[in-house]
Amino acid sequence: MERTLIIFKPDAVNRLLVGRILTRFEDKGLRISAMKLQQSPVEQVKKHYEVHQRKPFYNALVEFMTGGPVILVVLEGPHATTVVRNMLGATDGREATAGTIRGDFGLDQRYNLIHASDGPETARTEIELFFKPEEIVDYTRAPDRWIVSK
């Protein structure tokens, strides 16, 4: 099983879309391993997005991500990072395919609802930034045996 991080950005939280979107991940078969609501500290957001530090949108991104509450979620499942990113669709909601999360709920590039790890290694780093090991729960759900063959 692979773990990935998603962040419901302030626009998703304020538009009351978290439940609807989270349901889509669960319906797909992904398992929630950790979840919390927080008002993100500036330094944590800067560290998380440091790869974009020299880009023109960096300051606006930090301001946006610290401008309201976010919900952090660790999802688990086979190829979780790829599955989640495919479900999200293109970064710009205007270009995202209908049926994807951004295609169904987004109309903007900045207000794109969710951050998702771009690969398993990045996911590990991001999960460590936002969660302590004891905050991640390893468990089995009754329907798990019907979601993925062994």
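Distance from the C-alpha centroid of the range 18-37 to that of the range 69-102: 11 Å, rounded to the whole angstrom.
The dipole here belongs to the chain: it is taken about the Cα centre, uses +1 on the Cβ of Lys and Arg and -1 on the Cβ of Asp and Glu, and is about 180 debye. Relative contact order, whole percent, for the range 2-140 stands at 37, derived from Cα pairs under 8 Å and 6 or more residues apart. Taking amide H positions as modeled 1.01 Å from N, with prolines and chain starts lacking one, the residues under 5 Å from Ser33 and 5 or more places away or on another chain are Val74, Leu75, Glu76. Compared with the alpha-carbon gap, the fully stretched path from Ile136 to Arg20 is longer by 39.5 nm at 0.36 nm per residue.
Under 16 Å from a point 7 Å along the Cα-to-Cβ line of Val13: which residues of the range 49-76 have their amide N that close? Within reach of a label on Val13: 61-74.
Each principal axis of the Cα cloud of the range 1-149 was evaluated for its coordinate range; sorted largest first, these ranges are 46, 36, 26 Å.
Put in line by how crowded their Cβ is, counting other Cβ atoms within 10 Å and starting with the fewest, Ile6, Ile21, Ile147 read Ile147, Ile21, Ile6.
For the pair Leu37 and Glu128, what calculated FRET efficiency results from E = 1/(1 + (r/R0)^6), where r is the Cβ-Cβ distance and R0 = 30 Å, to the nearest 0.05? Using R0 = 30 Å, I get an efficiency of 0.95.
Between Val84, Ala60, Ser33, the Cα set farthest toward the positive side of the dipole of the chain (charges on each charged residue's Cβ, about the Cα centre) is that of Val84. When each of the peptides 117-123, 8-14, 71-77, 128-134 is scored by how many other beta carbons lie within 10 Å of its residues on average, the order from highest to lowest is 71-77, 8-14, 117-123, 128-134.
Translational diffusion coefficient of the range 101-148 (Stokes-Einstein, Kirkwood radius from Cα pairs, 37 °C, 0.692 mPa s): 235 µm²/s.
Coordinate-derived values only; no laboratory data. Just so you know, these numbers come straight off a predicted model, no measurement behind them. Backbone-built Cβ (ideal geometry, glycine too); neighbour counts: all protein chains shown.
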